[in-house]
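For reference, the structure discussed in these notes is given below.
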Amino acid sequence: MSANRGWWAPPEGEDSVSEKLLRKTRESPLVPIGLGGCLLVAAYRISRLKARGSTKMSIHLIHTRVAAQACAVGAIMLGAVYTMYRDYIKRTAQDTREK
């Protein structure tokens with residue numbers, strides 16, 4: 001048995017996990033924003049668990065899930081709108097300037 005069993009090193013030529021995360025964040029910056037929004041909503045709703053009143057636990061959890069999914073879908077939609085803007089509107093404006 002190896003004493004260094006808990007550490008994992010990527011094979012030669014492959015990125016480490018942190019390098020992959022940074023590369024993916026640079027490629028699509030709204031993914032971490034959506035993930036952060038989900039985590040914030042979930043943390044807020046969990047902190048409000050005691051003050052839910054007479055609402056059933058299942059209803060409270062469903063509302064938490066829906067709010068977290070709304071953050072994720074909102075980030076995806078913002079990313080799609082930004083990509084469409086960058087690819088079509090901005091590129092069209094640059095093409096007209098070049099002509």
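Values as computed for the structure displayed
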{"item": "Accessible-area order (highest first, 1.4 angstrom probe) of the listed residues R23, R97, R65", "result": "R97, R65, R23"}
{"item": "Extension reserve of the R97-S28 stretch, reckoned as 0.36 nm per residue once the Cα distance is removed", "result": "22.1 nm"}
{"item": "Convex hull projection area averaged over all views, the chain, Cα basis, nm²", "result": "12.4 nm²"}
{"item": "Contact order relative to length of the chain, as percent, for alpha carbon pairs under 8 angstrom and 6 or more apart", "result": "31 percent"}
{"item": "Helical segments meeting 27 Å axial Cα length and Kyte-Doolittle 0.5 threshold in the chain (DSSP H)", "result": "57-84"}
{"item": "Sequence of S54, S28 from largest to smallest accessible area, 1.4 Å probe", "result": "S54, S28"}
{"item": "Whole-Å semi-axes of the range 43-99's equivalent ellipsoid (Cα gyration tensor)", "result": "45, 8, 6"}
{"item": "FRET E, pair S47, D87, Förster distance 35 Å, beta-carbon r, rounded to 0.05", "result": "0.30"}
{"item": "Estimated [θ] at 222 nm from DSSP helical runs (n ≥ 4, -39500 (n - 2.57)) normalised by residues in the chain, nearest 500", "result": "-22000 deg cm²/dmol"}
{"item": "Calculated FRET value between L78 and S54, using beta carbons and R₀ = 30 Å, to 0.05", "result": "0.25"}
{"item": "Accessible-area value, D95, 1.4 Å probe, nucleic acids and ligands omitted, Å²", "result": "70 Å²"}
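The values are calculated or read from the model by the stated rules, or taken from the named source; none is laboratory data. All values derive from a computational prediction rather than experimental measurement. In this analysis, Cβ positions are derived from the backbone assuming ideal geometry, glycine residues included, and neighbour counts consider all displayed protein chains. In case anyone asks, the SASA skips ligands and DNA or RNA and just uses the protein heavy atoms, side chains included. Shrake-Rupley method; radii C 1.70, N 1.55, O 1.52, S 1.80 Å.
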